[in-house]
1. Which chymotrypsin sites (Phe, Trp or Tyr not before Pro) from the range 102-154 combine a DSSP loop assignment with at most 11 other Cβ atoms within 10 Å?
2. Whole-Hz ³J(HN,Hα) for each residue in the range 108-116, computed from phi via Karplus 6.51 cos²θ - 1.76 cosθ + 1.60 with θ = phi - 60°, x for glycine and proline: what do you get?
3. Can you sort LYS167, LYS110, LYS132 by 1.4 Å-probe accessible area, starting with the largest?
4. Name the shape class, rounded, prolate or oblate, that the alpha-carbon gyration tensor gives for the range 38-129, where a ≥ b ≥ c are the square roots of its eigenvalues, rounded holds for a/c under 1.5, and otherwise prolate holds if a/b is larger than b/c and oblate otherwise.
5. Shape of the range 52-204 from its Cα gyration tensor (a ≥ b ≥ c, root eigenvalues): rounded if a/c is under 1.5, otherwise prolate when a/b > b/c, or oblate?
6. Round to a whole number: what % of the accessible area of the range 130-186 belongs to carbon and sulfur, probe 1.4 Å?
7. For VAL120, which sequence-distant residues (separation of 5 or more, or a different chain) have an amide H within less than 5 Å of its own amide H, given hydrogens modelled in the peptide plane?
8. Counting only residues 5 or more places away or on other chains, whose amide H sits under 5 Å from the amide H of SER78 once H atoms are built in the peptide plane?
Amino acid sequence: MSAVGAQPFIKPMQSPSTISPGLQRRHTLPASEFRPLNTQDAISVFEIEREAFISVSGDCPLHLDEVRHFLTLCPELSMGWIEEGRLVAFIIGSLWDQDRLTTDALTLHKPRGSTVHVHVLAVHRTFRQQGKGPILMWRYLQYLRCLPNVRRAVLMCEDFLVPFYRKSGFKVLGRCAITVANLSFTEMGYPISGHAYMRRNSEAIRFPQLTLPLELPSTSEHPDT
């Protein structure tokens with residue numbers, strides 16, 4: 001309906017003394033929500049990431065300037081899980097335009113690409129072992145189905161994380177061409193086959209409030225995810 005000439009429905013105002021205390025509105029933050037991240041979230045993101053990865057591999061997939069870089073170029077390819085105003089888990093991705101990952105994929109965003117490179121998934125240490133990693137990945141992959149040009153998602157991970165991503169539907173593509181220091185990685189892929197209706201209406205898509213799916217992924221996860 002056009003907003004021009006539309007009149008809102010106005011209820012008679014009640015004075016505070018006539019409103020029952022039990023009916024007064026409470027202004028509280030949503031208990032749980034998903035939303036795109038922005039550069040103001042960069043420090044919170046990096047703090048979670050640093051704690052999750054430094055103790056395991058000695059380095060982070062994305063340094064703070066790189067976090068800001070991708071949240072500036074492609075914030076729509078990120079997803080944060082917020083509980084009562086606090087970031088508890090996140091994913092950061094960017095677009096890539098080749099079949100396999102190369103070193104350039106670590107720092108570049110290719111706007112014409114059809115592959116989402118998932119750079120990092122991390123969960124705050126106090127919220128691990130609660131199934132949040134698989135749930136966040138599930139929601140992220142469902143969201144990617146709504147983006148009209150995305151055809152698949154890829155990521156690189158250490159071998160001990162392969163079972164975790166397999167449970168989310170990723171398939172092993174082989175050894176990744178990228179190495180970092182003395183670390184090597186497995187490259188994994190996930191086909192995105194979105195529904196036509198969702199893709200037609202992708203411009204109206206917003207991250208919804210938390211509504212758990214009928215069938216959730218397995219809640220068994222690695223401590224750092």
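The values are calculated or read from the model by the stated rules, or taken from the named source; none is laboratory data. In this text the structure is predicted, and so the values were computed from the model without any measurement. Don't worry about glycine lacking a Cβ; one is built from the backbone with ideal geometry, like all the others, and counts go over all protein chains shown. With ligands, DNA and RNA removed, areas are computed over all heavy atoms of the protein, side chains included. Shrake-Rupley method; radii C 1.70, N 1.55, O 1.52, S 1.80 Å.
1. Passing sites in the range 102-154 do not exist.
2. 9, 10, 9, x, 8, x, 10, 10, 8
3. Greatest to least solvent exposure: LYS167, LYS110, LYS132.
4. prolate
5. rounded
6. Whole-percent figure for carbon plus sulfur exposure: 54.
7. ILE92
8. When sequence neighbours closer than 5 places are left aside, the close amide H contacts are LEU37, GLY93.
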